[in-house]
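The structure appears right after this line, and notes come after that.
Read-outs throughout are calculated quantities, based only on the coordinates presented, and are distinct from any laboratory measurement. Just so you know, these numbers come straight off a predicted model, no measurement behind them. Here Cβ is always computed from backbone atoms with ideal geometry, including for glycine, and neighbour counts include all displayed protein chains.
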Amino acid sequence: MRSVQKKYDEVDIRMQEKKRSTKYLLPVAFAMILVVFLVLGIFVMRNSLMKLTVEERSNQLEEMVTQIQANLDSGLQTHWNLVAGLNNAVQGEHFENGQELCDNIARLEKIFCMDMYGSRVMLLDAQGTAYLRDGAVGIWNDVSHLIDGEKQHTFVSETDSIDGCFLVFSQELDSPITMGEDQVRFTHVVLLKDIQTVKQYYTTTTYGGSAATYFIKNNGTLAYYDADDDDVISARNVFKALGELEYVQDQNFDTVREQLDRDGIATANILLNQTEYYYCLTALGNYNMILMLLIPADSVAVSTMNMMDSTIRTGTIFILAIALLMLLAVISFIRVQRSSQMVKMEQETNRELNQLRLVAESANAAKSTFLNNMSHDIRTPMNAIIGFTNIAMKHSPPPEIRSCLDKISESSEHLLALINDVLDLSRIESGKIKYTPTPVDIAEVSDSVLTIMYGYLSNRNITFKTQLAEPQTRYVQADAVRVREVLVNILGNAVKFTHDGGTITYTASYNPGKDERHMNVRYRIADTGIGMSEEFVDHIFDEFSQEEHGARTQYQGTGLGMAITKQYVDLMGGTISVESRKGIGSTFTVELPMEITDACEVKKRDYSVGNIDLTGLKVLLAEDNDLNAEISIVQLEELGIRITRAADGDEAVRLFAENPQGTFDLILMDVMMPKMNGYEATKAIRSLQNRPDADTIPIIAMTANAFAEDVQASLDAGMNGHLSKPINIDKVVKTIAANLDR
């Protein structure tokens with residue numbers, strides 16, 4: 001009986017041990033599965049970040065190449081203009097002999113300033129013989145490009161007759177040239193532009209000089225390569241070489257060609273000589289060529305890679321910490337369980353029981369200490385992770401991106417200035433920028449540029465002198481924004497082109513105008529800078545004008561600043577002139593006619609928010625965006641204004657028409673709304689026949705459309721004022737008060 005009981009007890013013990021083992025396996029298995037999922041999460045996150053990085057690098061490269069293409073098109077269009085001028089200058093001419101023809105070519109090159117453009121003129125006779133200013137050079141080896149019937153051709157040529165590589169602009173003459181008694185016919189005028197001089201249109205410092213530029217013929221043959229280092233592709237046919245390379249991200253050259261043919265631009269990620277590169281191809285349709293930019297991967301989107309590495313490191317540390325904590329927790333759990341079982345199994349021995357109790361208490365104390373320490377250590381990276389997430393959720397840059405943006409800002413400020421110049425000039429030439437004079441204190445306008453000027457001079461050792469006269473009449477009709485922009489543009493150039501130790505003098509004087517109601521304001525800005533040549537002074541106000549030779553070539557710019565300044569001065573009916581000598585300095589003189597006005601015209605536009613009480617004002621707000629409406633309602637109701645909201649222009653018209661006169665004191669009208677926009681709604685309200693207040697109720701635009709023409713469009717639609725988003729509540733109060741005479 002005892003043997004049976006003993007066997008039974010042994011079986012029971014084995015069963016209990018098996019149950020205990022099973023109990024221990026469950027948390028261990030759960031912990032292992034969770035760790036596996038966390039590790040897989042790291043890999044998924046890394047792959048996702050890598051994919052996003054590749055996309056960002058490709059997009060960044062495509063944007064850069066698109067900008068280069070635009071610069072190239074804009075710059076080379078000038079040469080087609082030169083070709084057109086050459087065609088007009090020589091067509092139908094007759095020359096007695098070859099010497100007279102060559103002398104005329106030399107004369108044309110001088111007239112059209114070919115040295116400035118790095119170009120030469122060539123004439124082709126009907127047999128393909130080429131003539132330069134030095135004489136005949138034989139049959140031109142690229143004459144085959146001209147036999148397809150097209151009047152104009154552009155391609156890259158390496159003619160044996162002239163050293164160098166050229167971008168060819170060929171134009172079939174409208175009327176052939178003849179020479180000699182044999183009436184030799186010349187059928188084409190050709191402009192040969194040294195391809196080295198094209199570099200100014202595609203050079204970029206964004207990637208620290210590591211970008212290589214390729215001009216490729218449509219059949220893949222390399223036409224020209226430009227970079228500081230040797231060509232890493234080193235192939236005559238670039239397309240063939242690209243097709244044999246190893247591609248990253250499941251790409252190949254066939255897919256790149258398909259995208260290039262479809263979209264005109266394509267980007268790929270390759271491995272070349274065990275180094276990762278990005279290249280971007282874009283079709284230069286106007287020149288029968290393809291432009292390729294090749295850049296090492298570690299030069300593209302550097303900040304994004306740093307951010308990705310930082311994120312992966314932080315995530316890995318966090319996961320390892322979680323895994324370690326779980327491992328220790330499981331170990332502690334197992335120890336506690338074993339200790340508990342040992343206590344139950346060895347109850348007969350007080351000593352063993354006490355020892356087991358001490359072990360259990362020690363294990364619990366160690367666990368508590370560990371958890372307290374780990375709680376602090378884990379919450380530190382968790383705080384960073386949560387912070388990054390919240391910042392990303394709110395679309396605000398985290399520290400890594402902020403640092404990146406600071407660096408990008410330094411290199412992009414110039415590009416932004418270039419784009420703004422181009423946009424400003426485009427808006428002026430399209431007539432979108434109007435001269436809108438308003439009553440101003442002209443002395444304050446003249447003084448207002450000083451603050452900006454002192455900012456320019458903060459890190460410069462330049463003497464700045466001012467001679468600002470006091471006008472007899474201070475108040476005139478003028479466009480203060482345009483006047484300031486003209487002065488700041490000229491003063492900014494003076495600072496840029498004046499070396500430390502030099503002097504800049506800013507003078508403002510006020511003279512009688514054409515009658516007693518007008519005055520002439522004269523600004524004179526003189527510097528002791530590097531000056532300009534007499535030839536360049538004649539072109540200072542031309543678009544894209546920059547002196548090619550001398551010290552000015554080291555300064556960045558589009559050459560649009562003075563063109564925009566001249567446009568603004570012309571817009572205001574004034575004049576601008578310049579005197580300059582190279583190495584001596586430059587003096588700009590601006591004269592602007594202005595109509596005299598009364599002081600009250602200026603002062604009555606000033607409203608103090610602190611003295612305005614809008615309590616009880618009844619406003620109809622037309623706004624289709626719920627968030628914008630909520631923000632406006634909260635801000636206006638804090639001022640005591642009672643708001644009725646219309647979700648679109650149609651509802652605004654209906655609410656106004658269906659309520660009796662006096663229901664609303666004023667209407668705030670969004671412009672871009674469904675069903676009926678703000679302009680249409682305003683016209684509909686103004687045209688209501690049965691409402692006496694339809695013509696008189698103030699309607700103020702409150703819109704994101706902020707250009708001057710948008711303000712005018714609001715006024716043309718019948719509105720009384722215009723507020724631009726994002727809304728400044730003080731400006732809203734002033735505008736409402738001005739229209740309600742409060």
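Round to the nearest 0.05 the FRET efficiency obtained for M672 and L450 when R0 = 35 Å and r is the Cβ-Cβ distance.
Details: r = 39 Å, r/R0 = 1.13.
Efficiency at R0 = 35 Å is approximately 0.35.
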Run the simple label-point estimate for T473 and T178 please: 7 Å along Cα→C-beta, distance reported in nm.
6.8 nm
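Quick one: length gained pulling V488 to R524 fully straight, 0.36 nm per residue minus the C-alpha distance? Before the final figure, lay out the partial values.
Working: separation 36, 0.36 × 36 = 12.96 nm, distance 1.24 nm.
11.7 nm is the gain from fully extending V488 to R524.
So if R0 is 25 Å, what FRET efficiency would V143 and R262 give, r being the distance between their Cβ atoms, rounded to the nearest 0.05?
0.15
What's the ranking of 167-174, 630-637 by average number of surrounding C-beta atoms within 10 Å, highest first? Walk me through the intermediate numbers first.
Numbers: 167-174: 19.6, 630-637: 15.9.
The packing order, highest mean first, is 167-174, 630-637.
Dividing the convex hull volume of the alpha carbon atoms of the stretch 204-300 by its residue count, what do you get in Å³ per residue?
In the stretch 204-300, the Cα hull volume divided by residue count equals 102 Å³.
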Need one number: nm distance between label points at L358 and L328, each 7 Å from Cα along Cα→Cβ, rounded to one decimal.
2.4 nm
Taking a spot 7 Å from the Cα of A136 along the direction of its beta carbon, which residues of the stretch 83-127 have an amide N less than 16 Å from it?
95-103, 123-127
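What length, rounded to one decimal in nm, is gained on full extension from Q712 through to R654, with 0.36 nm per residue of separation minus their alpha-carbon distance? Intermediate results must be reported in sequence, preceding the final value.
On the way: separation 58, 0.36 × 58 = 20.88 nm, distance 2.55 nm.
Result for the pair: 18.3 nm of gain on full extension.
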With contacts defined as alpha carbon pairs under 8 Å and 6 or more residues apart, what's the relative contact order of the stretch 607-740 in percent?
23 percent
Whole-Å distance linking the alpha carbon centroid of the stretch 664-734 with that of the stretch 247-282 is 51 Å
Sorted by packing (mean other beta-carbon atoms within 10 Å per residue), highest first, where do 716-722, 482-488 land?
482-488, 716-722
Evaluate the distance, in nm, between pseudo-label points positioned 7 Å from the Cα of T463 and of N288 along their respective Cα→Cβ axes.
6.1 nm
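If I take R0 = 51 Å and measure r between the Cβ atoms of N237 and A89 in this structure, what FRET efficiency does the formula 1/(1 + (r/R0)^6) give, to the nearest 0.05? Don't jump to the answer; show the numbers that get you there.
On the way: r = 40 Å, r/R0 = 0.78.
FRET efficiency, N237 to A89: 0.80.
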Under the 0.36 nm per residue contour assumption, what length would be gained going from the current alpha-carbon distance of E246 and N59 to full extension?
65.2 nm
